[in-house]
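Single-structure report; data block below.
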Amino acid sequence: QVQLVESGGGLVQAGGSLRLSCVASGRTFSGNNMGWFRQAPGKEREFVAGIMWSGGTVYADSVKGRFTISRDNAKNTVYVQMNSLKPEDTAVYYCATTSYPAIVPTTPEGYDHWGQGTQVTVSS
């Protein structure tokens, strides 16, 4: 059983930065592709960024140039550095792992295990 635990959320002013972390346990991490999603109140869960086991990355257009996803396989951890935050980035952020070996899915249905989420609030 895979367990994912996110941390690093909080309240930040517009233009500020946060770094979210997701620690995985229970299964080999280095061979899995990972994704970050977010869900704002009343909205569907949306893809933010993903990273392949090889280090290749994918970003949603809304965060491209502002967010950077990375991973440290030795620590079983995936990160997302969020810069130039905007009020519209306010959401609960989730990390997830997928069993697809060659792609990073951009829809929630492509992922098998999820963390509990961490709240990010950006004030204007």
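Listed values, structure above:
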{"quantity": "Residue-normalised accessible area of the chain, expressed per residue, 1.4 Å probe, Å²", "calculated": "50"}
{"quantity": "Phi to ³J(HN,Hα) by Karplus 6.51 cos²θ - 1.76 cosθ + 1.60 over the stretch 74-84, Hz, x for Gly, Pro", "calculated": "5, 9, 6, 10, 10, 10, 9, 8, 10, 10, 6"}
{"quantity": "Accessible area in the full protein assembly, largest first, 1.4 Å probe, for T97, T57", "calculated": "T57, T97"}
{"quantity": "Calculated from backbone phi, Karplus (6.51, -1.76, 1.60) coupling profile of the stretch 53-67 in Hz, x at Gly/Pro", "calculated": "4, 7, x, x, 10, 9, 10, 5, 4, 5, 10, 4, x, 10, 10"}
{"quantity": "Accessible-area value, D72, 1.4 Å probe, nucleic acids and ligands omitted, Å²", "calculated": "50"}
{"quantity": "Highest-MSF residue in the chain out of A74, A14, A49 [GNM, Cα springs under 10 Å]", "calculated": "A74"}
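The values are calculated or read from the model by the stated rules, or taken from the named source; none is laboratory data. What you are looking at is a predicted structure, and each value in this text was computed from that prediction instead of being measured. Note: areas computed on protein heavy atoms with side chains; ligands, DNA, RNA excluded. Shrake-Rupley method; radii C 1.70, N 1.55, O 1.52, S 1.80 Å.
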